[in-house]
Each structure stands twice: as structure tokens, then as C-alpha cells.
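**Q** Quick one: the structure is below, questions incoming.
The values are calculated or read from the model by the stated rules, or taken from the named source; none is laboratory data. Keep in mind that what you see is a predicted model, and the values were worked out from it rather than measured. Here the Cβ positions follow ideal geometry from the backbone for every residue, glycine too, while neighbour counts run over all protein chains shown. SASA here: full protein model, heavy atoms, side chains in, ligands and nucleic acids out. Shrake-Rupley method; radii C 1.70, N 1.55, O 1.52, S 1.80 Å.
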Amino acid sequence: MTVGDYLPRGHRSYARVMNPLHDDAGQPMAWRAFAKEQSEVDASTKWTDLSDTAREVERTIGTIDPQVAATLARLLRAHTSTPTECFFLVWEGYVGMRDDLRDTPSITIMPDREMLILAGDLADGAERFDGMKGGRSPQWWMPADGVWAVGNDLYGASVYVSGTDELITALLADDSIEAYRATASMQIVAEEWAS
């Protein structure tokens, strides 16, 4: 599947935002810092490109890292006319889900993921919806005006964002997240997608 197939059609620019790695002390680490000189990191980098058995790190998978989510919420707010009217999708199969979410409407997205539909302010995208340690945030975000989209699969260690050229330029320029320019025709990194 390509990035353009994964995210809604009609957007001009794309980025892959990496969830940070965490060392055994829980400290965040950028993929590029982990790779150092052994490998170049870009939007097509696979985890297996960086594997180093001498160092143990933990990847955040199937959710958006809290710091990344907060930064995305801050940056995305300036690029929509409907920041208080956003939709969020959460995979219905996660354990520890709050009971009040069980009767939420749902939608099926590729590849046969049944997702609960939540709505609220853009800042709600960074909120945790379950009672698990560390918690999970919604995996998909989209404002009512549809000018951008955020997508993270339940196997994803990174987040794909689509939107305007201005938005993606702002994401790439922000030092608090690790983001790389992607294209609509680029394949989703295979290890971050399973059917």
C-alpha cells in the first residue's frame, strides 16, 4: 500500500513522523541518533535497517507517542479552520478501553480494521483513551474541513501525515519531532503494516 492510498486523497504533501525510541532507562531517542553513522534515516527507513543487537531500545507501536501527539496537535491547529471539530479513530480491539467508548459508532478502514469514531477538539487527539500503562492515543485524526490527516496503524512505529505544503514544511522544520518528507507513491514501510 502506498502513502497516498493510506491517507485521504487530495492532499498535496506528506510526511512520516517517527515515534521516538526509548532506552532501558525510558529516555527518548530519535531514530537518527540511534542509527548514528551506520545508516541514513529517511521516510523509507525500516526498523531492520537500524537493528543493533548491542543496544536495547523499545519502540512505540500502534499509538502516537505522547510528546509526538502533543507536538502534532500544536502544529496542526494552525492549519485547519475547524480545530474544535475533529474526528479520531481508535482500533476497537485494544484491551483496557474505557467502558464509555464501547457503544461508540465505528467504521471499517483498510485492511479490515474496525475503528471506533470519536469527535472533539484537536487537543483530544493527544489524550489517552485506555487504562493501560502509558496509554494509547487515537491512531487517526482528521479535522471536519479535511485539510489534513494523521494515520498510525496498529502495527506502526511511525505516523503518516498528509496536508498542505505549508503544514508539511512546518512539521519538517520543528525540532521537537523527527519527521521526513514522504510522497504519495512511496510504499508504506512493510513492517508497519499487516493485514
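**Q** Taking K and R as +1 and D and E as -1, what net charge do the other residues with C-beta under 15 Å from the C-beta of residue 92 add up to? Walk me through the numbers on the way to the answer.
**A** Numbers: positive: 98, 102, 113, 136; negative: 99, 100, 103, 112, 114, 130, 153.
That sum, taken over residues with Cβ under 15 Å, equals -3.
**Q** Amide H neighbours of residue 2 under 5 Å, at least 5 residues apart or on other chains, H built in the peptide plane: list them.
**A** 188
**Q** Pop out the carbon and sulfur fraction of the accessible area of the chain as a percent, whole number, probe 1.4 Å. Kindly include the intermediate steps, with their values, before the conclusion.
**A** Numbers: 4720 of 9430 Å².
With neighbouring chains kept in place, the figure for the chain is 50 percent.
**Q** What does the helix-only formula give at 222 nm for the chain: each DSSP H stretch with n ≥ 4 adding -39500 (n - 2.57), the total divided by the residues, and the result rounded to the nearest 500 deg cm²/dmol?
**A** Working: 5 runs with 34 residues, N = 195.
The per-residue figure over the chain is -4500 deg cm²/dmol.
**Q** Using a probe radius of 1.4 Å on heavy atoms only, what accessible surface per residue do you get for the range 73-195? Whole Å² is fine. The partial results should precede the final answer.
**A** Values: 5720 Å² over 123 residues.
So the range 73-195 comes to 46 Å² accessible per residue, rounded to a whole number.
**Q** Give me a comma-separated list of calculated 3J(HN,Hα) values for the range 173-181, in order, Karplus coefficients 6.51, -1.76, 1.60 applied at θ = phi - 60°, integers in Hz, x for any Gly or Pro.
**A** With the stated coefficients, the range 173-181 comes to 8, 7, 6, 8, 9, 9, 10, 9, 5 Hz.
**Q** Taking the Cβ of residue 148 as the center, what net charge do the other residues with Cβ under 12 Å away carry, scoring Lys and Arg +1 and Asp and Glu -1? List each step's numbers first, then the result.
**A** Details: positive: 12, 77; negative: 145, 165, 166.
Result for the neighbourhood of residue 148: -1.
**Q** Here's a follow-up. Could you work out the per residue convex hull volume over the alpha carbons of the chain, in cubic angstrom? List each step's numbers first, then the result.
**A** Numbers: hull volume 22.5 nm³, N = 195.
Convex hull volume per residue, Cα atoms: 115 Å³.
**Q** Keeping all protein chains in place and using 1.4 angstrom, which order do 81, 162, 44, 39 fall into by accessible surface area, from largest down? Write out the running numbers ahead of the final one.
**A** Values: 81 95, 162 0, 44 65, 39 30 Å².
Ranked from most to least accessible, the order is 81, 44, 39, 162.
**Q** Please get the size of the charge dipole for the chain, origin at its Cα centre, with Cβ charges of +1 on Lys and Arg and -1 on Asp and Glu, quoted in debye to the nearest 20.
**A** 200
**Q** Could I ask something else about it? For every other residue with a beta carbon closer than 14 angstrom to the beta carbon of residue 185, add +1 if it is Lys or Arg and -1 if Asp or Glu, then tell me the sum. Intermediate results must be reported in sequence, preceding the final value.
**A** Details: positive: 9, 12, 16, 181; negative: 5.
Within the 14 Å Cβ shell, the charges total +3.
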